[in-house]
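Remarks on the structure that follows.
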Amino acid sequence: MELVGITKRFPGVVANRDIHLRVAKGQIHAIVGENGAGKSTLMKILYGMQRPDEGEIRINGSPVGFHSPADAISAGIGMVHQHFMLADNLTVLENVILGSEPRRGGIAIDFAAARKKIKEISDAYGLGIRPDVPVEELGVGDRQRVEILKVLYRGARILILDEPTAVLVPHEVDELFENLRGLVREGLTIIFISHKLDEVLRVADAITVICRGTTVATVDPKQVTARQLAELMVGGELPSPETRESTVTDVTVLSVRDLTVRNPDGRVVVDNVSFDIRKGEVLGIAGVEGNGQNELVEALMGIRPSTGRIVLNGTDISEYPTRRRREAGIGYIPADRHRHGLLLESPLWENRILGHQTRRPNVKGRRGIWLDRAGARADTRRIVREYDVRTPGIDVHATALSGGNQQKLIVGREMSGDPVLLIASHPTRGVDVGAQAAIWDHLRAARAKGLAVLLISADLDELIGLSDTLKVILRGRIVADIDPSTVTPERLGSAMTGAEEGM
Ligand SMILES: Nc1ncnc2c1ncn2[C@@H]1O[C@H](COP(=O)(O)OP(=O)(O)OP(=O)(O)O)[C@@H](O)[C@H]1O
Ligand SMILES: [Mg+2]
């Protein structure tokens, strides 16, 4: 596959400028670059979702013109997006076949045939898909496998994966890479986008660097280091999340006792969890995705019913609705920024108000009942500046921002108004190495001023580096306390799967 001279403009931005890229058959080709460099845009062009203003796509030497993803799919190209695109209320099987349902006699959907085909693909690549589970019950790791299967189901031979590992913990990454190697052995070609440079070096056969919309180099992973790659991308150095001196005090900010959450079907997903977080402390929760982290966080935010006691700064907030919890000073970075963090079709300044709609600077008047547009707009500009959100302005819709820049906006919003407690799920997911370092600095500075943080992250270096205290969650229970100053990512990884006892 070859891209020749691709250029794509958006209002106020040249997303791709004279891109040249050659991808050899049967290889894993990685694309790296800063947030907003133009990676996703390029992939959307290749997948027929967007039309290039200039340039040509060639497959096996012949030019192709895609007007829609359907054209790309029939040319054998499939894409797994940076943000998942599954319908929550449908089952895995329904999602996979959606839009290409096998028909029996041309009318009825042939579920049996679909189930059989899904099972065959799932077994062939070890994806472990359960066809009849509703997607809303799946964690991000599982959702991603469903997306991959969906693409394979449509017969893709060239697979585009936009940040597939952002949500995975190390052993899931290993599994995914095994899957990908299996696919290329079968002659498939994979284009892979990631900000995790060590992973890119591990899995890719070739790496292309994009900088400010254009391809600047294609390198052999055997000949470069992660540091050299980072320098090609940004001219910067790789950050490390190390927390130097402790700022933990003995003042308890959050106290959780016997918190239990049940699924709608009655299954216990958070089991009698208790912990405290003190002023100036980062409490990290390590766990393989799907072990109750999301439910724990949503119970703390009042989005999900729970039993037990939640006390914030001495006040029992267990019965508070979400809005009052936020007003009491809880900032919240959700795991899924599109479903729970943004209104994609609204401008950035309206997104600044989201979840903060009863507080200054977004409201004015004695009881704060009038929306303060000027206040919200000015503060959005501050966030854009302080968090380096790359955007032509605050009136563009959130959907026009690159994934990493959307994340920076959310972090900036949730750190505003000096929260007393920050609940952060994967705060730097999809953010490039430079911006990640900046977010870590913001978190450390707030922590030094007394912020308490509940940190959930699939990035074990981040978890170990930022946490003052680390706990492991497994099947909804806290099963181990770990000293972040001595543990290695490898040992933490095995503790998370329950492999390591007595830690
Ligand atoms: N639909 C759109 N409308 C306007 N501008 C857009 C749109 N989509 C992308 N852009 C802009 O194009 C540029 C490239 O964005 P793109 O999403 O391709 O970046 P990326 O390299 O994937 O970044 P990230 O690592 O953060 O995901 C950015 O400046 C972005 O704001
Ligand atoms: Mg992107």
Next on the checklist: Starting from the 7 Å offset along Cα-to-Cβ, what nm value, one decimal, do you get for the label separation of GLU54 and ARG267?
Outcome noted: 5.4
Item to check | Listed residue pairs exceeding 31 Å between alpha carbons, taken from LYS116/LYS222; LYS25/LYS150; LYS44/LYS117; LYS39/LYS449; LYS222/LYS471; LYS449/LYS471 | outcome: LYS116/LYS222; LYS39/LYS449; LYS222/LYS471
Next on the checklist: List the residues, sorted by chain then number, that are 5 or more residues from ILE109 or on another chain and whose placed amide H is less than 5 Å from its amide H.
Outcome noted: ARG104
Checklist entry - Which listed residue (GLN407, PRO334, LEU371) has the Cα farthest towards the positive end of the charge dipole for the chain, taking +1 on Lys and Arg C-beta and -1 on Asp and Glu C-beta about the Cα centre? => result LEU371
Checklist entry - Cα gyration tensor of the range 117-187, axes a ≥ b ≥ c as square roots of the eigenvalues: rounded (a/c below 1.5), prolate (a/b > b/c) or oblate? => result oblate
Checklist outcome for this item: Treating every alpha carbon of the range 163-268 as one equal point scatterer without solvent, the Debye formula yields log10 I(q)/I(0) values at q = 0.10, 0.14, 0.16, 0.24 Å⁻¹ of -0.52, -0.77, -0.86, -1.41
Checklist entry - For the chain, what is the convex hull (Cα atoms) projected area averaged across all directions, in square nanometres? => result 24.5
Checklist entry - Tell me, what is the FRET efficiency for ARG185 and THR399 to the nearest 0.05, using R0 = 51 angstrom and their Cβ-Cβ distance as r? => result 0.85
Next on the checklist: Counting only other residues whose beta carbon sits under 14 Å from that of ASP418, what net charge do I get with K and R as +1, D and E as -1?
Outcome noted: +4
Checklist outcome for this item: Rounded to the angstrom and largest first, Cα extents along the principal axes for the range 252-496 equal 48, 39, 36
Next on the checklist: At a 10 angstrom cut-off on C-beta neighbours, averaged per residue, how do the peptides 474-482, 27-35, 13-21 rank from highest to lowest?
Outcome noted: 27-35, 13-21, 474-482
Checklist entry - Expressed in nm to one decimal, what extension gain is obtained for the pair THR497 and SER346 from 0.36 nm per residue of sequence separation less their Cα-Cα distance? => result 50.3 nm
Checklist entry - What list of ³J(HN,Hα) couplings, whole Hz, do you get for the range 372-384 from phi and the Karplus terms 6.51, -1.76, 1.60, once you set θ to phi - 60° and write x for glycine and proline? => result 9, 4, 4, x, 5, 5, 5, 6, 5, 4, 4, 4, 4
Checklist entry - Going from the alpha-carbon gyration tensor of the range 2-234, what semi-axes, largest first and in whole Å, does one get by taking the root of 5 times each eigenvalue? => result 30, 21, 16
Checklist entry - Under 5 Å between amide H atoms, partner at least 5 residues away or on a different chain: which partners does GLU54 have, H built in plane at 1.01 Å? => result THR7
Next on the checklist: 7 Å from Cα along Cα→Cβ at both VAL133 and ARG359: what's the point-to-point distance in nm?
Outcome noted: 3.5
Checklist entry - What aspartates and glutamates sit close enough to LYS364 to cross-link, taking a C-alpha to C-alpha distance under 12 Å and skipping anything fewer than 8 places away on the same chain? => result ASP372
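Since every read-out is calculated from the coordinates, none of them should be taken as a lab result. What you are looking at is a predicted structure, and each value in this text was computed from that prediction instead of being measured. Cβ sites come from the backbone with ideal geometry, for glycine too, and all protein chains shown count toward neighbours.
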